[in-house]
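The values are calculated or read from the model by the stated rules, or taken from the named source; none is laboratory data. On a predicted model such as this, the values are computed, not experimentally measured, just so you know. In this analysis, Cβ positions are derived from the backbone assuming ideal geometry, glycine residues included, and neighbour counts consider all displayed protein chains. Ligands, DNA and RNA are stripped out before the accessible areas are found, and what is left, the full protein with its side chains, is counted by its heavy atoms. Shrake-Rupley method; radii C 1.70, N 1.55, O 1.52, S 1.80 Å.
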Amino acid sequence: MKFVYVFLTGILLLGTQAEAQKVFGTRNGKISFISPTDEDVKATNNEVASRLADNGQITFSALIKGFKFRYAEMQEHFNDQYLESNKFPRADFKGNIVNLKDVNFTKDGTYKVTVKGDLTMHGVTKNLTANGTIEIKGGKPVASCKFVILMKDFNVDASSITEKVNVEVNCAFQ
């Protein structure tokens, strides 16, 4: 009887492991943005938390105050007047890789992906679709993409500075 119990437990454990998803993560992801009309309006955040699962789920979370500008005055205006970072401290994205079947997480290579999900910033959530790449190196993914954000879509009145920003995301996962 003891043998049957051990045998069944072993089968259950193996079955659970076979279906378990693999999750990669980082706390050192990078999000940069720049205005296409004013190169002084640019900043980078190198402390972005992100998770990527081999089932296609992907998330990013960035503290707004983590964006660093070249000029301290611009950073202060960005946080106080435009993004109101005390009131809305984070920007978050939750989505999925649409063409997951095109990515082989077990084989080194570069794979083109399309990601769809919801971006929440400044208290507003908008659906976002972005094209990017996932490069597998030694079994670890590196994700990157570029997209455009219209400031008015997130109720940010930055029309005196820029109406949109070009965003670039890069994350090397562990």
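Below is a table of values for the structure above.
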| quantity | calculated |
| --- | --- |
| Among residues of the stretch 94-121, those that are open to solvent by 20 Å² or more (accessible area, probe 1.4 Å), of a type outside the set (S, T, Y) and outside any strand (DSSP E or B), counted | 9 |
| Among the residues listed as F147, F154, the single one being within 21 Å of L63 (Cα to Cα), open to solvent by 20 Å² or more (accessible area, probe 1.4 Å), of a type in the set (F, W, Y) and in contact with a strand residue (DSSP E or B) (Cβ under 6 Å, 6 or more places away or on another chain) | F147 |
| Output for the stretch 128-159, where each listed residue is part of a strand (DSSP E or B), over 14 Å from the mean Cα position of the chain (by Cα) and farther than 22 Å from V41 by Cα | E135, I136, K137, K140 |
| Selection count where residues are open to solvent by 80 Å² or more (accessible area, probe 1.4 Å) and either touching a Cys at 6+ places or on another chain (Cβ under 9 Å) or in a strand (DSSP E or B) (or both), scope the stretch 31-55 | 4 |
